[in-house]
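Okay, structure first, notes after.
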Amino acid sequence: MLLPNHGANPELLARSLQTELKENSLDFSVNVNPYPPLVNLKEVWGSLFEEILHYPHPSAAPFVQLAAEMAGLGPEQVLAGNGAAELIFLIAHAYRGANVLIIEPAFSEYREACEANGCKVESFITQEESKWGISFEELEKSLEGKQLCFLCNPNNPTGTVLDSDQLERLLQLCSEKKVTLVVDEAFVHFMENPVTAVPLLAHFNNLIILRSLTKMFHLPGLRLGYAMSSLDLILKMKKYQPPWSVNGPAQKIGMLCLAQEKPFAADIAEKTANERNRLFPVLRRLGFEPSPSLVNFYLLREKGEEKDRMDMIKYLLSRRIIVRHTFNFNGLEGRFIRLAIRTPEENDVLLDALEGWNASC
């Protein structure tokens, strides 16, 4: 059975399970902001026609300048990309053939990009029993002989977060081991109190931070992300990137999003936290265990059940609920489903379907 590698593929999921995708299904497998994008995006979209008639800036310099200013960095420390996925592949290409450690479960693109570039990849698996936290003593052993380490923070798929002190401890450990640490912060703005590694860039030259505009600004079709790092590491990545990687409309919309990032993200983070605080107690009362997420998605399993969730996935699909399987997340083996936190009305539909699942068992 060939299941999709990512969320947001409901048709492929239904075909894989040899069933029909029902009309008006709700996609809880995709973890982008469920609320409307910036109001003025539609207003400016028509004016972007001129952008497709000319070549964009080859390195997205105006967007890079704004992103750098907002982070308190120089523009030479920022690299724009065609989504965070391109940047992940640029990093893997820059470290081709290296020994790589991935703190997992995590976004599958890290492994795919590294293996495509001939890297030897090892896993450091976090456990539900320790609330998906990291044992630094164990991690230190795993970092021996590595050149590159990937950390997703907030983590996808658990939604858990290393705090600032833990981030600094990890980065110090990587520095001592001469390991470059990649911190993927694609979901950082869904936190009410965001934890970011950006301040550590002033003290460590072995750090690469990834950001994506896809998730918070509801722009999966636009493809825009950026990396922040030292000059040397940015240049190391940049030499493998083709010119005009970020198209003209994406550059303009990216600048519009960054200019309104703080108030927009704060509003969405508050709505997300309110729903998370409402949902999780109900889920527990229904006999489910959500991961201790601080963002807009979470892992879910039935308490005391260690089997895979294929039957539940099929049942929820019959109830017009599309979920993310976890068969391709190292350390999960399909024992959980990943669910987005959507609008209150949509989350109520999910709760009703889960009650139905309990009744059917």
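The values are calculated or read from the model by the stated rules, or taken from the named source; none is laboratory data. Given the structure is predicted, the values throughout are model-derived calculations rather than measurements. Ideal geometry is used to build each Cβ from the backbone, glycine not excepted, and the neighbour counts take in all protein chains shown. These accessible areas exclude ligands, DNA and RNA; they are computed on the full protein's heavy atoms, side chains included. Shrake-Rupley method; radii C 1.70, N 1.55, O 1.52, S 1.80 Å.
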Of all residues making up segment 264-284, the number that are of a type outside the set (A, V, I, L, M), in contact with a strand residue (DSSP E or B) (Cβ under 8 Å, 6 or more places away or on another chain) and open to solvent by less than 60 Å² (accessible area, probe 1.4 Å): 2
Members of segment 266-319 found to be within 23 Å of the chain's Cα centre (by Cα), assigned to a helix (DSSP H, G or I), hydrophobic (A, V, I, L, M, F, W, C) and modelled with pLDDT of 95 or more, listed by number: A266, I268, A269, A273, L279, F280
If you scan segment 98-119, which residues turn out to be free of Cβ contacts under 8 Å to residues at least 60 places away in the same chain, part of a loop (DSSP other than H, G, I, E, B) and either out of contact with any helix residue (DSSP H, G or I) (no Cβ under 9 Å at 6 or more places or on another chain) or open to solvent by 20 Å² or more (accessible area, probe 1.4 Å) (or both)? N117, G118
Return the residue satisfying two criteria in turn: it lies in segment 1-20 and is within 25 Å of the chain's Cα centre (by Cα) and outside any loop (DSSP other than H, G, I, E, B), and of such residues it is modelled with the lowest pLDDT. A14
Are any residues in segment 8-44 of a type in the set (A, V, I, L, M, F, W, C) and touching a residue at least 12 places away in the same chain (Cβ under 8 Å), and if so, which ones? A8, L13, A14, L17, L21, L26, F28, V30, V32, L38, L41, V44
When you check F63 against the structure, is it open to solvent by 10 Å² or more (accessible area, probe 1.4 Å), farther than 20 Å from L171 by Cβ and touching a residue at least 24 places away in the same chain (Cβ under 8 Å), yes or no? no
Please indicate, with yes or no, whether at least one residue in segment 81-95 is touching a Ser or Thr at 6+ places or on another chain (Cβ under 7 Å) and either of a type in the set (A, V, I, L, M, F, W, C) or in a strand (DSSP E or B) (or both). yes
Filter segment 228-265 for residues that are part of a helix (DSSP H, G or I) and without any contact (Cβ under 8 Å) to a residue 12 or more places away in the chain; which is nearest to the chain's Cα centre (by Cα)? K262
Out of (1) modelled with pLDDT under 90; (2) more than 25 Å from E346 (Cα to Cα), the one E23 does not meet is (2)
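Every residue, every condition in (1) closer than 17 Å to H203 by Cβ; (2) not aliphatic (A, V, I, L, M), yes or no:
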{"position": "I125", "(1), (2)": "no, no"}
{"position": "F136", "(1), (2)": "no, yes"}
{"position": "P157", "(1), (2)": "no, yes"}
{"position": "S175", "(1), (2)": "yes, yes"}
{"position": "V179", "(1), (2)": "yes, no"}
Would you pick out the residues in segment 317-361 that are open to solvent by less than 10 Å² (accessible area, probe 1.4 Å) and among the hydroxyl-bearing types (S, T, Y)? T326
Working carefully through the options S135, S164, find the one that is more than 23 Å from G72 (Cβ to Cβ), of a type in the set (S, T, Y) and open to solvent by 20 Å² or more (accessible area, probe 1.4 Å). S135
